[in-house]
Amino acid sequence: PIRFPPDPRGDDRPPDFVLVLIEDLTERRRVERMRADFVANASHELRTPLAAVSGFIETLQGPARNDPVARERFLAVMHEQAGRMKRLIDDLLSLSRVEMRAHLRPDTVVDLADLLPHVLDLVRAAAEGAGVVVTLEGCEAPVPVIGDREELIQVFCNLVENAIKYGSEGGRVVVAVSGAAEDARRRTVAVRDFGAGIDPVHLPRLTERFYRAHAEAGREKRGTGLGLAIVKHIVTRHGGRLTIDSKPGQGSTFAVRLDVAPAAAGSAKGDENSG
Ligand code: ADP
């Protein structure tokens with residue numbers, strides 16, 4: 001029970017700060033509501049592929065028992081749906097991991113000139129599958145920033161995979177590091193595609209969990225709607241900034257700004273003079 005200090009007015013009326021408590025409860029209710037929505041969304045997203053897998057198992061045990069053609073087809077669908085569940089669970093775990101570390105600022109130094117080519121290796125199969133050429137610019141010299149290597153790999157993998165997925169098929173994706181000339185303390189990594197772009201109405205909600213802008217057309221594009229929520233969380237934990245710039249019909253640019261490692265920021269001027 002909350003005990004109020006004795007009231008100077010001489011009665012038991014609670015003092016004015018009760019109002020603050022009410023506002024606090026409103027905020028707590030909002031957070032609880034968000035958590036409940038999140039659990040409901042996650043359960044729904046998992047239930048759909050699980051229901052499909054259960055259904056196909058029943059069909060294989062019954063009517064399709066002796067039909068080898070149907071069996072192959074159903075197994076392929078079940079494999080696909082199991083993959084969908086795995087991606088969703090992987091993304092949910094990633095999201096919860098970054099949320100748990102939200103209050104910790106990374107303090108290690110990561111060289112983008114080493115990390116970004118590694119990201120391009122990781123997405124190579126996806127790019128080749130879509131006939132997309134991914135190029136890297138601005139990484140000729142070391143680009144040391146403060147960050148968590150694994151988390152930054154995840155950020156740039158998600159952004160480049162999206163650029164491949166939603167960019168134009170057979171097109172190109174450009175990953176470019178810039179910013180040394182404008183501000184020696186920061187660098188920006190821009191991931192640019194030349195695809196259909198995003199309708200401006202979707203932009204403010206794009207980093208919300210489970211939000212997908214291409215709801216219908218995107219259904220056949222594999223995705224969980226969690227990728228950009230994870231990106232946003234990681235970038236925020238890094239004290240960085242994510243900006244999205246998109247023109248329908250022309251393509252999109254997702255840019256991440258990060259802090260340069262202090263020693264490197266101090267010598268950046270010298271680097272510029274010598275370069
Ligand atoms: P998903 O798993 O659906 O790709 P994300 O959180 O990564 O989820 O992205 C959310 C939505 O933002 C996508 O469903 C898509 O509609 C839109 N989107 C993301 N990247 C791009 C892009 N490069 N071009 C166009 N739309 C994009």
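Put +1 on the Cβ of every Lys and Arg and -1 on every Asp and Glu Cβ in the chain; which of 130, 64, 81 then has its Cα farthest towards the positive end of the dipole?
64
Under unit Cβ charges (Lys, Arg +1; Asp, Glu -1), what dipole magnitude, rounded to 20 debye, does the chain have relative to its Cα centre?
The calculation lands at about 560 debye.
Within the range 146-181, find all residues whose amide N lies under 17 Å from a label point positioned 7 Å from the Cα of residue 111 along Cα-to-beta-carbon.
Backbone N within reach: 146-150, 153, 177.
What nm value, rounded to one decimal, do you get for the distance between residue 222 and residue 82 when each label is placed 7 Å out toward the C-beta?
Label at residue 222, label at residue 82, 1.4 nm between them.
Run the paramagnetic zone check for residue 34: 7 angstrom along Cα to Cβ, then residues of the range 70-95 with backbone nitrogen under 18 Å.
92-95, by backbone N distance to the label point.
Give me the number: length gained by fully extending residue 26 to residue 150, i.e. 0.36 nm times residue separation minus the C-alpha to C-alpha distance, one decimal in nm.
41.0 nm
On the accessible surface of the chain, probed at 1.4 Å, how many percent belong to carbon and sulfur atoms?
Working: 9310 of 16900 Å².
Percent of accessible area from carbon and sulfur atoms in the chain: 55.
Once you charge only the Cβ atoms, +1 for Lys and Arg and -1 for Asp and Glu, what is the size of the charge dipole of the range 108-255 about its Cα centre, to the nearest 20 debye?
The calculation lands at about 460 debye.
Using the crude model of +1 on Lys and Arg Cβ and -1 on Asp and Glu Cβ, and no other charge, please compute the dipole size for the range 177-243 relative to its Cα centre, in debye to 20.
The dipole magnitude comes to about 300 debye.
List the GluC sites (Glu not before Pro) in the range 151-194 that DSSP assigns to loop (not H, G, I, E or B) and whose Cβ has at most 12 other Cβ atoms within 10 Å. Which are they?
169, 182
Please build a GNM for the chain, connecting alpha carbons under 10 Å apart, and tell me which residue among 240, 129, 62 fluctuates the most.
Its mean-square fluctuation being the largest, the pick is 62.
Accessible area per residue, 1.4 Å probe, Å², for the chain: what's the number?
Ligands and nucleic acids excluded, the figure is 61 Å² per residue.
Who wins for biggest fluctuation among 173, 119, 53 in a Gaussian network model of the chain, springs between alpha carbons below 10 Å?
53
Per residue of the chain, what 222 nm ellipticity follows from adding -39500 (n - 2.57) for every DSSP H run with n ≥ 4, rounded to the nearest 500? Don't skip to the answer; put the middle values down first.
Numbers: 8 runs with 136 residues, N = 275.
Result for the chain: -16500 deg cm²/dmol, rounded to the nearest 500.
Please identify every one of the trypsin sites (Lys or Arg not before Pro) in the range 42-88 that sits in a loop by DSSP and has no more than 11 other beta carbons within 10 Å of its own beta carbon.
Loop-located and lightly packed - 65.
Within the chain, which DSSP H helices have Cα atoms that stretch 18 Å or more along the helix axis and a mean Kyte-Doolittle hydropathy of at least -1.0?
Qualifying helices: 18-61, 68-100, 149-166.
Running a GNM on the chain with Cα contacts under 10 Å, which residue among 57, 89, 244 ends up with the highest mean-square fluctuation?
Of 57, 89, 244, the most mobile in the Gaussian network model is 57.
The values are calculated or read from the model by the stated rules, or taken from the named source; none is laboratory data. Owing to the predicted nature of the structure, the values given are computational and were not obtained by experimental measurement. Cβ: placed from backbone, ideal geometry, glycine included. Neighbour counts: every protein chain shown. Keep in mind that these areas ignore ligands, DNA and RNA; they rest on the heavy atoms of the full protein, side chains included. Shrake-Rupley method; radii C 1.70, N 1.55, O 1.52, S 1.80 Å.
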